[in-house]
Amino acid sequence: MTSTKSAARAPVVSVGRRFAVCAASAAVLIAAAVIGQLVFSLSFEPDEPLFFFTNFFSFFTILSNVLAVIVLTASAVVISLGKRPPLWFWAVFTAMSTYMVTTGIVYNALLRGVSLDQESTLGWSNEVLHLIGPLFVAALWWFAPARAGLSWRHLRLAAVFPLAWGVYTVLRGVVVGWYPYPFMNPAQPGGYGAVLGYMAAIAAVIIGVDALLVGLSRRTRERA
């Protein structure tokens, strides 16, 4: 009986280890891209370091990628130790995946070719943060071992961070006169109406992506 259980467990352990290695590799790659862009931007010697750093970490792209590094690293450690992540962990993993996929969609649809305000964009880093990273995360979510099915209430959880970021961005922009993305700036044609329109469209993408992931998680249920 023991040998049979061991034989059945072996493939699961193998899948877990492969996932852990891939998650750790993705975390390292994304972290390198974030740091690379930060160092590259810093090379232009900004006159106001505090303003610069606050701006840099006000980009939804940067925040979602930093979150990805944290969650991917945690998942690699937990799964490599043979532990079964709790449901709340997969809820966070799915929310992070939603933000990364949304980052890829919005950037490639609206912002490809637009440089960061921090002087310039580092080419390879830009591709990792907006294309390779989101694709890598989506693949890891799909192949994650023992991924749990989620409740539709997860849509509310996934909406919290983007909503808070949107409010923060608009209010801070009014105070300091700086916006991370052109479509967030009310000085554009259409003013605040255009800003609200873009934000509504992005919210729709986020809800749509999260709904897709939740639906898929419920269909596939748990992987043994």
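Observations on the structure shown:
- Residues satisfying the stated conditions in region 14-36, i.e. open to solvent by 50 Å² or more (accessible area, probe 1.4 Å) and in contact (Cβ under 8 Å) with a residue 12 or more places away in the chain: V15, R17, V21, C22, L29
- Unmet requirement for G190, which otherwise passes all of (1) open to solvent by less than 30 Å² (accessible area, probe 1.4 Å); (2) modelled with pLDDT under 90; (3) more than 20 Å from the chain's Cα centre (by Cα); (4) among the small types (G, A, S): (1)
- Residue satisfying all of: in region 193-224; surrounded by 15 or more Cβ atoms within 10 Å (Cβ to Cβ) and of a type in the set (S, T, Y); nearest to F60 (Cα to Cα) among these: Y198
- Options T4, T54: the member that is in a helix (DSSP H, G or I), hydroxyl-bearing (S, T, Y), surrounded by 13 or more Cβ atoms within 10 Å (Cβ to Cβ) and at pLDDT below 95: T54
Residue by residue, here is whether (1) within 20 Å of T102 (Cβ to Cβ); (2) in a helix (DSSP H, G or I) holds:
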residue: W165; (1), (2): yes, yes
residue: V174; (1), (2): no, yes
residue: Y179; (1), (2): yes, no
residue: F183; (1), (2): yes, yes
residue: G197; (1), (2): yes, yes
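- Scan region 37-53 for residues that are hydroxyl-bearing (S, T, Y) and either in contact (Cβ under 8 Å) with a residue 24 or more places away in the chain or touching a Ser or Thr at 6+ places or on another chain (Cβ under 6 Å) (or both) and the total you get is 1.
The values are calculated or read from the model by the stated rules, or taken from the named source; none is laboratory data. Values in this document were obtained by computation on a predicted structure and should not be read as measured data. Counting neighbours? That spans all protein chains shown, and the Cβs are built from the backbone with ideal geometry, glycine included. The protein model used for the area step is the full one, side chains on, heavy atoms only, and it has no ligands, DNA or RNA in it. Shrake-Rupley method; radii C 1.70, N 1.55, O 1.52, S 1.80 Å.
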